[in-house]
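The values are calculated or read from the model by the stated rules, or taken from the named source; none is laboratory data. Keep in mind that what you see is a predicted model, and the values were worked out from it rather than measured. Heads up, the Cβs are rebuilt from the backbone with ideal geometry, glycines too, and the neighbour counts pull from every protein chain shown.
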């Protein structure tokens, strides 16, 4: 960990991000081009994300399983739009055990095909439905331009795959999982998101309908932060996933898939971070609080460390994730900077005067200087820390929401639209034509992020062509 | 789930195993030769194994991380014995993104090399040591003869990798992790194991010393159930993992690695299972208890289901993993068989008479018939279930230990040795020569499983050559 300052967020957002990921030791570049190493601090954050989502998946009846990493290439070719979407991105195993394989295998880019193959075997009758499966793993997609967490050749995610008896049930599942992602983003990551439907051109390769949650990053660009697909009968026809209905007739299933990846860590960094480093939302932070002891003499040290250990024990017993930074040879100032870089939401300072007065200082990561400090009696430390963490969680959300709102425009005309997407989101009526969408993209580099679930209810005219339009859509430049 | 009986365990242990894995829905064959699909019930068992081990790893200061799946082929070639051991088993990616790669990549067979590369980058000084990292993932080794869980081309595991300042610390870490595996096997899986040192010929490719825990399966064969390696300076020299010591001198680190895989599920099946199916140890079982309601009329059904739901809620609130089998159209007898196949340790039966008398019947999976049944008042159900689960956990361990002891011999001579390894383990003095070990293997098919940590303390003569020998070793046929 170097003492050098980060590039400024406002000067060079992209370099600020790259440096921060490395300096906070979230991830590192791998020796294979485009791959990443998720370092322990980054993985601890991912484990907290996993636990939260996994609880929600299980509470809604899903179970975890594990399907193979290697998929016969012919499987990918069975669903027409799937192969078109994925074949340029495949990593191909041609040799195994010293010999050339009869059929090449691909390293999974996603698992609809191999799971479809199993579903066809496991599902016989309507009694076997719905089948609700998830897996946590990594996938490989050969990417040309990569950026840690945001776009890497190998990335970590969960992929849910379900089969249903009817279109309505598959659609309800697709929407339920979108809602789980929305709820997670808002409540745990303190990130406001727009849940909505993708346009045809932005759909998952093989889906009838794709939904996503879209978040605004600190530079005004959008990040697709989770997706949920209604796959219709596309994969059930390609893989013959069929069931006998109550009347004894053979029917094709309706399937869905949905995923959220380590990309989401990129969103947390870019939404909340500042020039001092990360700011992690308390509900996901590996450490919610750091205790920094302050002393000069050995006598002071003995007293301060003893008091700090007592406070740590109390916080641990209240299930607060806390670390006591008792590193030798590092100054309190160095420690403050170090933990600010790593985004620990709350700092607990304790010095000789605090020991005398039975107090501690709490310092909020999200509010620099005096404004974020409070002086509290040691006896009330547990409640004060809990309350501070709640306050920080809410404040981060409010700040992100305000930022998004002040950078989202409802432009009067295409000229206003063009300047709106230079700094943030434009929410505009769109006629539904792919041509308008394509022209907008070519002229402004903004893509149609989603058609939000929440619509104004009225109608208007397309921001591009001026024809009547029944729905609004969000447009933005995106990662 | 079919109603057909399993092959008998004593008639055909191998077929019994294969059928049981499929029928209990633990795993399924994948469309890629040698790979497996871990089905939800098998994965739930693995998740419980993961949680237990992960807690122990973290309690001893280890942190999780994630390193890439793809490794440059040249990395594997940097450590001489490592490449000899692993190159026949590699799956090789030669194409990515539609183009042939300049350097082929291998799908990781294990991660010493790619982690060594990172360690070299991250470790600067003695202050960075020890570095204690673990990862949960899957690896690929091209296997010729495969068997679900026991030997598959892709398997799931954890791999720990650590770096230390001294040989002593690396050795202490290696032994500590062996002890964590032993403790887990005994306490959670109810499997007695022999912790010991491997002979040179059975060492991990690249290790100075390999330790393992060895368990006896229900057919008397051994299964290596977890390994811990002291890698000496082999990888630190190959990858230049160095640190500045307190005197400012550059030193090579001492590294270790250790792993336990889904193979362990095979041990649980083969140690505890019987002709009716699995018997899962309560501490790892996905469901510790199943409630089966018994009724004929609709009126009975209403009463019984209501009582069953109340009992389920009580057990859930006491953190007991319980399922209420309220499937329509399946008889109680069918349900009994079904859950016996799946090895749920305890069955809670409740019928109309139980409702009247405020009682339930508990039936132990490990004791068939009347002997395993007890009739208890509903008011005491939580304590009775907890106690029964503890009793079953202990009984499974005792039974497995008795079985191992009665199938382990201390043969007088080589002739006795030869018949001993036909049915179980032989624990015999061994002179330490690879020639004796090799001859024994050729003549009896028994391999040297380990030189146990616990030695008798005396000395004797080698069971094969008759020369003086200071240590005993376990020999057995093995999976």
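Each row is one residue, and each column tells you yes or no for (1) modelled with pLDDT of 95 or more; (2) facing chain A (nearest Cβ under 9 Å); (3) outside any loop (DSSP other than H, G, I, E, B).
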| position | (1), (2), (3) |
| --- | --- |
| B:86 | no, no, yes |
| B:110 | yes, no, no |
| B:121 | yes, yes, yes |
| B:134 | yes, no, yes |
| B:158 | yes, no, yes |
| B:163 | yes, no, yes |
| B:171 | yes, no, yes |
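When A:145, A:182, A:127 are checked against the criterion of being in contact with a strand residue (DSSP E or B) (Cβ under 9 Å, 6 or more places away or on another chain), more than 14 Å from residue A:254 (Cα to Cα) and not in a helix (DSSP H, G or I), a single residue qualifies: A:145. Per this entry, residue B:226 is not counted among residues that are modelled with pLDDT of 95 or more and in a loop (DSSP other than H, G, I, E, B). Just one of the listed residues (A:95, A:117) is facing another protein chain (nearest Cβ under 9 Å), within 21 Å of residue B:33 (Cβ to Cβ) and without any contact (Cβ under 8 Å) to a residue 24 or more places away in the chain, and it is A:95. Annotation: residue A:205 fulfils all but one of (1) touching a strand residue (DSSP E or B) at 6+ places or on another chain (Cβ under 9 Å); (2) surrounded by fewer than 24 Cβ atoms within 10 Å (Cβ to Cβ); the unmet one is (1). The selection criterion, being over 25 Å from residue B:187 (Cβ atoms) and exposed (fewer than 13 other Cβ atoms within 10 Å of the Cβ), holds for residue B:353. Under the condition of being part of a loop (DSSP other than H, G, I, E, B) and without any contact (Cβ under 8 Å) to a residue 24 or more places away in the chain, the residues counted in the range B:433-453 number 0. Can you confirm whether the range B:323-331 contains a residue that is buried (at least 19 other Cβ atoms within 10 Å of the Cβ) and within 35 Å of the chain's Cα centre (by Cα)? Scanning the range B:323-331, I find at least one residue that is buried (at least 19 other Cβ atoms within 10 Å of the Cβ) and within 35 Å of the chain's Cα centre (by Cα), so the answer is yes.
All of A:70, A:101, A:90 fail the test of being surrounded by fewer than 21 Cβ atoms within 10 Å (Cβ to Cβ) and over 26 Å from residue A:175 (Cα atoms), apart from A:101.
Quick one: residue B:214 ticks every box in (1) assigned to a strand (DSSP E or B); (2) surrounded by fewer than 19 Cβ atoms within 10 Å (Cβ to Cβ) bar one, so which box is it? Unmet condition: (2).
Screening the range A:306-322 for residues that are buried (at least 18 other Cβ atoms within 10 Å of the Cβ) and more than 28 Å from the chain's Cα centre (by Cα) and picking the one that is nearest to residue A:283 (Cα to Cα) gives A:315. Only one entry in B:465, B:431 is at negative phi and in contact with a strand residue (DSSP E or B) (Cβ under 8 Å, 6 or more places away or on another chain), namely B:431.
Checking each residue in the range B:27-82 for being part of a loop (DSSP other than H, G, I, E, B), within 22 Å of residue B:111 (Cβ to Cβ), facing chain A (nearest Cβ under 8 Å) and at pLDDT 95 or above picks out B:35, B:65, B:67, B:68, B:69. Among the conditions (1) over 20 Å from the mean Cα position of the chain (by Cα); (2) exposed (fewer than 15 other Cβ atoms within 10 Å of the Cβ), the only one that residue B:398 does not satisfy is (1). Does residue B:267 satisfy the criteria of being farther than 29 Å from residue B:382 by Cβ and in a helix (DSSP H, G or I)? Judged against the criteria, residue B:267 is a match. Selection of the range A:363-394 for residues being under 29 Å from residue A:425 (Cβ atoms) and crowded, with 17+ Cβ neighbours inside 10 Å yields A:364, A:365, A:366, A:392, A:393.
Here residue B:204 passes the criteria (1) closer than 26 Å to residue B:65 by Cα; (2) within 14 Å of the chain's Cα centre (by Cα); (3) part of a loop (DSSP other than H, G, I, E, B) except the one numbered (2).
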